[in-house]
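J.: One structure follows; several queries about it will come next.
The values are calculated or read from the model by the stated rules, or taken from the named source; none is laboratory data. Keep in mind that this is a model prediction, so the values were computed, not measured. Quick reminder, even Gly has a Cβ in these numbers, built from the backbone with ideal geometry, and neighbours come from all protein chains shown. Surface areas here come from the heavy atoms of the whole protein model, side chains and all, with no ligands, DNA or RNA. Shrake-Rupley method; radii C 1.70, N 1.55, O 1.52, S 1.80 Å.
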Amino acid sequence: MSDQNLKVVQDIYAAFRRGDLSGILSRLAENVQWETAFKREMIPSTGRWEGRRRVEEFFGAMFAAEKVEHLEVREFIDAGDQVVVLGFNRMQTPFSGMIYENDWVMVWTLKDGKITRFREFSDRVPARVLFAG
């Protein structure tokens, strides 16, 4: 199962790069728990989102508030029912044009080949400064 879980997560990143939202959503459990840094009141594309439909809303909020300039997956760590991914991104805020860079860790939990939980850990201070200003 571990190799299959790793492939599911790799496929999600490939779908993201293609802009294939349905390719991402199809790999999520119906009751997926999705959590990113900070509270939604601070940055629209952060916080806790529950259920596949709400995750679709998350992506809408993210794409409205941030443009992905660069996404770099640096390492996949296979941990059985979890896959840990280390990476880096460069984002731009469309309303100001300002750019921030960010290292991150994403933890994906899977059951029966579907994502049941996603957690992102990152230094959101650069983004917070841009969104607050």
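J.: Counting only protein heavy atoms and a 1.4 Å probe, tell me what percentage of the chain's accessible area is made up of carbon and sulfur.
T.: Summing carbon and sulfur atoms, their accessible area is 51 percent of the total for the chain.
J.: Cα axis of helix 52-65 to longest principal axis of the chain: angle in degrees, 0 to 90, nearest 10?
T.: Value to nearest ten degrees: 30.
J.: For helix 2-18, what angle does its Cα long axis make with the longest principal axis of the chain, in degrees from 0 to 90 and rounded to 10?
T.: Helix 2-18 and the main axis of the chain meet at about 30 degrees.
J.: I need the phi-derived Karplus couplings for region 78-90: 6.51 cos²θ - 1.76 cosθ + 1.60, θ = phi - 60°, integer Hz, Gly and Pro marked x.
T.: Taking θ as phi minus 60°, the curve returns 7, 10, x, 7, 10, 10, 9, 10, 9, x, 8, 9, 10 Hz for region 78-90.
J.: Tell me, what is the percent relative contact order of region 17-110, built from C-alpha pairs under 8 Å that lie six or more residues apart?
T.: It comes to 18 percent, rounded to a whole number.
J.: At 1.4 Å probe radius, can you tell me the per residue accessible area of the chain in Å²?
T.: On a per-residue basis, 53 Å².
J.: Please give the FRET efficiency for residue 95 paired with residue 26, using the beta carbon to beta carbon distance and R0 = 35 Å, rounded to the nearest 0.05.
T.: The formula returns an efficiency of 0.65 here.
J.: Another one. Over all directions, the average projected area of the alpha-carbon convex hull for the chain comes to how many nm²?
T.: 7.1
J.: Turning to a different aspect of this structure: Report the local net charge at residue 113: Lys and Arg +1, Asp and Glu -1, summed over other residues whose C-beta lies under 12 Å from its C-beta. Don't jump to the answer; show the numbers that get you there.
T.: On the way: positive: 7, 27, 111, 114; negative: 3, 11, 81, 112.
Net local charge, residue 113 excluded: 0.
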